[in-house]
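So the structure is just underneath, and the comments pick up after that.
The values are calculated or read from the model by the stated rules, or taken from the named source; none is laboratory data. Bear in mind that the values here come from a model prediction, so they are computed numbers and not experimental data. A quick note on method: Cβ atoms are made from the backbone with ideal geometry, for glycine too, and the neighbour counts reach across all protein chains shown. For accessibility, only protein heavy atoms count, side chains too; no ligands or nucleic acids. Shrake-Rupley method; radii C 1.70, N 1.55, O 1.52, S 1.80 Å.
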Amino acid sequence: MMKNLLITNVTIVPMTAEESFIQNGYIFIESDVIKDVGHTPHPPHLKEQAKIIDGEGMVAIPGLINGHTHTPMSILRGYADDFPLMDWLKKMWAVEDRMTEEDIYWSSMLSMVEMIKSGTTTFCDMYYGMDRIAIGVEKSGMRALLSQGIIEGDSGGEELLTETVEFVRNWDKSANQRIHALLSPHAPYTCSPSLIEKMVEQAHILDCSIHTHLAETREEINIISERHGDTPIALMEKIGLFTRHVVAAHGVYLTDEEIDILKRRQVGLIHNPKSNMKLASGVAPIAQMLDKGVTIGIGTDGAASNNTLDMFEEMRFASLMQKVSLEDPMALPAYETLKMGTSRGAAALNIVDQVGTIEAGKKADITLIDFRKAHLSPVNDVVSHLIYSAKASDVAYTIVDGSVLMNNGKLTTIDEEEVTWHIEKIKNNLL
Ligand SMILES: [Zn+2]
């Protein structure tokens, strides 16, 4: 069956180099891979080989990459706002204890609906009940890095670790390589150093990355200092966490030495500006870390602390937050920010060989934004508009692995009404 796509008459922001725009171009996709990118006119024979998407008035960017989230938490959107992190976490955990696998499935599908509609093609998820989420990812067609988050309770984490190792064995590189499975100690304040050491050992055996929360709040810094006489990142360095590739969410409170560790160890740091603002966690030193060469992506965190999964908003907040906190309007400019949502985000998740740019050889993960809108007019600067003006609702097409998951505003893999029907029922039972 022919699954080729030809996107014509489109403005392309490939994210390969700052100046390399194509004003009026085409993208040819063969099966799941980008085969050719160029200026109009396209070679005439391509037309016979592909389904055509007319990109007139639209801008193509690499699919957005949500570097850190907890998809089932969408069921808790607006459930407990305006609390400090540790109190908020207790409220979340009380409900999460009662969630069934079905609840987790439909809540994560709700997140996938929102992400596809807002142009996100890849997400990095940490939760429990991951088998059900992986089934959802298979169905939705999205690309995902999935990890079973381990919070070490009184029972110890050994049993959970056995389960999560099983998860990685079952799911890593499945769904045409769209699914990557990771190991995930939730945070240094919810897992003991000895458990984290065991997880690192397993990650070496499984050859997988590790996803965790690090240095999120001042309170975390105090807890780790009291328990271990160290800062979170120095402690993780000592116990060998960074001997694997690590995706670390937050990084709000960091010393210069810790930033050096993140750089030296090539940690993928994920910035979650809206969550950090809403939970009043603090301002991550993003501009300073970028200067030092740390690899940084952007994530929404869960919808209970955001309260959307909209990467356009997230990128905008990232840029504005650096500017106001540093009193420097030149801090985190538009192109740098878009990189964090695309190519650099892919590098942070260690999947840059697959996605993150629009160029021949990469997997075909592409988002088309309709610029024929008053709030995007006049088009003085495409990248500026993408960061400072565009909305999730401007996304017209979301393509992952060469499959069109949203076709001119219509979802093709998920029945949105079915999802919202289940969500209403779950909400009534659970909350
Ligand atoms: Zn998180």
Loop-located trypsin sites (Lys or Arg not before Pro) in region 54-153 whose Cβ has at most 12 other Cβ within 10 Å (DSSP) = 98
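Restricting things to Cα coordinates, could you compute the convex hull volume per residue of the chain in Å³? Intermediate results must be reported in sequence, preceding the final value.
Values: hull volume 58.5 nm³, N = 431.
Taking the convex hull of the Cα positions in the chain, it is 136 Å³ per residue.
Accessible area per residue for region 297-431 in Å², computed with a 1.4 Å probe and the full protein assembly in place, what is it? The partial results should precede the final answer.
Numbers: 5270 Å² over 135 residues.
Dividing the accessible area of region 297-431 by its residue count gives 39 Å².
To check you understand DSSP bridge types, tell me what percent of the beta bridges within region 70-348 (both residues inside) are antiparallel, rounded to 5.
Values: 1 of 27 bridges.
Beta bridges within region 70-348, antiparallel portion: roughly 5 percent.
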Over region 329-431, consider all pairs of different Cα atoms and compute the Kirkwood hydrodynamic radius from their mean reciprocal separation; express it in Å, one decimal.
-> 16.2
Neighbourhood net charge (9 Å Cβ-Cβ; Lys/Arg +1, Asp/Glu -1) for residue 187 | -2
Report the relative contact order of the chain, percent, no decimals, based on alpha-carbon pairs under 8 angstrom and at least 6 residues apart.
-> 22
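State which entries of 173/263; 47/363; 263/391; 35/173 exceed 29 angstrom in Cα-Cα distance in the structure shown. If you can, show how the numbers build up before the last one.
Values: 173/263 27 Å; 47/363 20 Å; 263/391 33 Å; 35/173 22 Å.
Listed pairs above 29 Å: 263/391.
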Please work out the average accessible area per residue across region 10-83, using the 1.4 Å probe convention, and give it in Å².
-> 42
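In debye, nearest 20: dipole of region 149-188 around its Cα centre with unit charges on the Cβ of K, R (+) and D, E (-)? Show your work: numbers first, answer last.
Working: 3 positive and 7 negative charges, 85 e Å.
With only Lys, Arg, Asp and Glu charged at Cβ, the dipole is about 420 debye.
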Heavy-atom accessible area of region 70-348 with neighbours in place, 1.4 angstrom probe: carbon+sulfur share in percent works out to 50
Round to the nearest 0.05 the FRET efficiency obtained for residue 31 and residue 429 when R0 = 35 Å and r is the Cβ-Cβ distance.
-> 0.25
Excluding residue 250 itself, calculate the net charge of residues whose Cβ lies under 15 Å from the Cβ of residue 250, where each Lys or Arg counts +1 and each Asp or Glu counts -1.
-> -3
